[in-house]
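The values are calculated or read from the model by the stated rules, or taken from the named source; none is laboratory data. Keep in mind it's a predicted model, so treat the numbers as computed, not measured. Positions of Cβ are generated from backbone atoms using ideal geometry, with glycine treated the same way; all protein chains shown enter the neighbour counts. Only protein heavy atoms, including side chains, enter the accessible area calculation; ligands, DNA and RNA are left aside. Shrake-Rupley method; radii C 1.70, N 1.55, O 1.52, S 1.80 Å.
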Amino acid sequence: MTSHRPGHAHHPRHGGSDSGHRRRLTAVLGVTGVVLVAEVIGAVVSGSLALGADALHMFTDVAAIGIALTAITIAERRTTSRSTFGLYRVEIFAAAVNAVLLLGVAAWISWSAVRRFEDAPEIHTTVMILVAVLGLVANAVSLWWLHGDQQESLNVRGVYLEVLGDLLGSAAVVVAGLLIAITGAQVIDPIASVAVAFLILPRTWSLLREAVTILLEATPAGVDLEHVRRHIVDIEGVLDVHDLHVWTISSGRPVMSAHVVVDDHWLQRSGEVLDALQTCLGAHFDVDHSTFQVEPRGHADHEAPTHP
């Protein structure tokens, strides 16, 4: 016997919040696109690799936001007989692609900066500083727009982290431009470029690790399976639980399945057992969708061995 629990999880991203994500991501896309064009022109005019690096990071932001918007649109499609959980997992693929893009950007920036250490060209600092300040302001506004959403969606968090990296990168470019203008040391430009590259790495690794964890259907962080098991076994009539699995379909969408063994008396009252299971999980665990197979004592002996 199986029970599906439609919704005791407290995830505000469900339902209409995706439209809010879309509006804010679209606004950020417009701002980022304008700044990208300004930084590309500024990098060419000023000759600054650091500004060019920030422009390239901006380009990955544009790609990331485009992927995020596409993922949200696809994820809203209804479930089908071939996609019974819908296409929410597309969001995680998008986050993984974003992370890989950022790693590639960091490698390219570092390689280009090393080449410039030997022969650093003269930088036109006025253009460099003005364009970097524009990027700094634009990124700050975008972060403010996305701050709430990034706590609800891994996909939006990927964009948020990229914009945060851009803000720090723009700040580094501003500081580098001021130092070059004051000291005349052109080597500061490739140094700032390397700094921008290293700003990308820690957040990118964290994003990629979380996306891979979800794609591998690992137990979500913060979920103690033994704790869940104890709660289930403590329910009246339940003798044991096996084949207990908790995984994540997409960010903020955990699911669970389990085989629940009950004594013969409670097997006739399986509906009450299911109600108790749902109430317990709804009160103590943030599980969006749960499936229980209620079975008599000894039934596991007839099942193929899988998981405890």
Original post:
Can we say Ala181 is closer than 25 Å to Ala99 by Cα, aliphatic (A, V, I, L, M) and without any contact (Cβ under 8 Å) to a residue 60 or more places away in the chain?
Top reply: no
Original post:
Going by the conditions given, is Val187 of a type outside the set (Ser, Thr, Tyr) and under 30 Å from the mean Cα position of the chain (by Cα)?
Top reply: no
**OP:** Please go through segment 280-293 and pick out each residue that is out of contact with any Leu (no Cβ under 7 Å at 6 or more places or on another chain) and either in a strand (DSSP E or B) or modelled with pLDDT of 80 or more (or both).
**Re:** His289, Thr291, Gln293
Subject >> In segment 72-84, residue modelled with the lowest pLDDT [restricted to those that are surrounded by fewer than 19 Cβ atoms within 10 Å (Cβ to Cβ) and part of a helix (DSSP H, G or I)] >> reply: Ile74
Original post:
Considering only segment 85-112, how many residues are farther than 17 Å from Gly165 by Cβ, in contact (Cβ under 8 Å) with a residue 60 or more places away in the chain and open to solvent by 70 Å² or more (accessible area, probe 1.4 Å)?
Top reply: 2
Original post:
How about segment 44-71: which of its residues are among the aliphatic types (A, V, I, L, M) and open to solvent by less than 20 Å² (accessible area, probe 1.4 Å)?
Top reply: Leu49, Ala50, Leu51, Ala53, Ala55, Met58, Ala64, Ile65, Ala68, Ala71
Original post:
When residues of segment 233-248 are filtered for being within 30 Å of Ser153 (Cα to Cα), crowded, with 20+ Cβ neighbours inside 10 Å and of a type in the set (A, V, I, L, M, F, W, C), how many remain?
Top reply: 1
Original post:
Hey, Ile109 hits all of (1) modelled with pLDDT of 80 or more; (2) more than 26 Å from Arg209 (Cβ to Cβ) but one; which does it fall short on?
Top reply: (2)
